[in-house]
Amino acid sequence: MNFKTSAYFYKIFYSINTYLNIMANLLLPSDISWLTIKHHSLEDILQTLQLTDPMPLSWNTGVCTILSDYWDTRQTPDSTLTRVYVSAPLDGWVFVFGDGIFVKDIEHPIIATEDRSDIIQSLAQQLSTVYGSVAYFTSQPRRDWFEWMWLQKGEVKRYFEWNDGDLQVQGSPILDNETTLIEQATANDSVYWEDVVFEVLEKVCINPETVNQRVTKGVLATTPYGKKVGVPPQPVLDL
């Protein structure tokens, strides 16, 4: 084997090794929405949310698949509503990625913007009544849109939404500096809301980064709407 050939294979090995090292760490969700539910059983959550056809997938592949459904230009606008990724329990918390669980009418699946918060709160309250502690998050830095909702036993303890300068709040702040951050943002000072989302996540449930050595495979599952219209045809390769 000559020097050029050796260098070529070294580059391939280095690229693969780098990729696998990246995939060994959990991707923190961005440009996506998700629920966290305090419960020990993935199967119970699938049944409660009427999700079917579970396909075992690692966290990173599952999150990337849901992101692809949203951003891939080959997909139709409703593709992101056909399936979700449900994690294995992480220290007693199950993560559910994707908006398909919020579809109330499978004949008219697209949720109107003005109805969205009420629909999310309604489902989150139902789940919280059953499971106790539930939280909902949106982190969409490209759109300057960030959101969190925390519920205990069916009661909304905190709702926060920052949407390109528009602010909606309900309940008491979760973080000690939340009021200060709001004042800074409304004064047009820079606030890194994406970082704040994960501070809130860690405060009310769990930060996936802290458990990345103990994560087993979750599942990619079909929503009731996906069962009706089908899921995107592209194959999913788990790595």
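Derivation of every value follows stated rules applied to the coordinates shown; laboratory data play no part. These numbers were taken from a predicted model, which means no experiment stands behind them. Here the Cβ positions follow ideal geometry from the backbone for every residue, glycine too, while neighbour counts run over all protein chains shown.
Using only alpha-carbon positions, what ratio does the radius of gyration of the chain give when scaled by 2.2 N^0.38 Å? It would help to have the intermediate numbers written out before the result.
On the way: Rg = 19.3 Å, N = 239, 2.2 N^0.38 = 17.6 Å.
Normalised Rg, Cα atoms only: 1.10.
Order of 147, 194 from fewest to most other C-beta atoms within 10 Å?
Going from sparsest to densest Cβ surroundings: 194, 147.
In whole angstrom, note down how far apart the Cα centers of region 31-85 and region 122-150 are.
15
At 222 nm, what helix-only mean residue ellipticity would the chain give, in deg cm²/dmol to the nearest 500, using -39500 (n - 2.57) for each DSSP H run of four or more? All intermediate terms of the calculation are to be shown ahead of the outcome.
On the way: 7 runs with 88 residues, N = 239.
Calculated from helices alone, the mean residue ellipticity at 222 nm is -11500 deg cm²/dmol.
Given H placed on each backbone N at 1.01 Å, which residues far from residue 158 in sequence or on other chains put an amide H within less than 5 Å of it?
Under 5 Å from the amide H of residue 158: 150.
Once phi is turned into ³J(HN,Hα) by the Karplus curve 6.51 cos²θ - 1.76 cosθ + 1.60 with θ = phi - 60°, what whole-Hz value does each residue of region 91-108 show in order, with x for glycine and proline?
Working through the residues one at a time gives 6, x, 10, 9, 9, 10, 9, x, 8, x, 6, 9, 5, 9, 10, 6, 7, 9 Hz.
To the nearest 10 degrees, how steep is helix 113-131 against the longest Cα principal axis of the chain, on a 0 to 90 scale?
Approximately 90 degrees, to the nearest 10.
How would you order 227-237, 86-96 from highest to lowest mean count of nearby Cβ atoms within 10 Å?
86-96, 227-237
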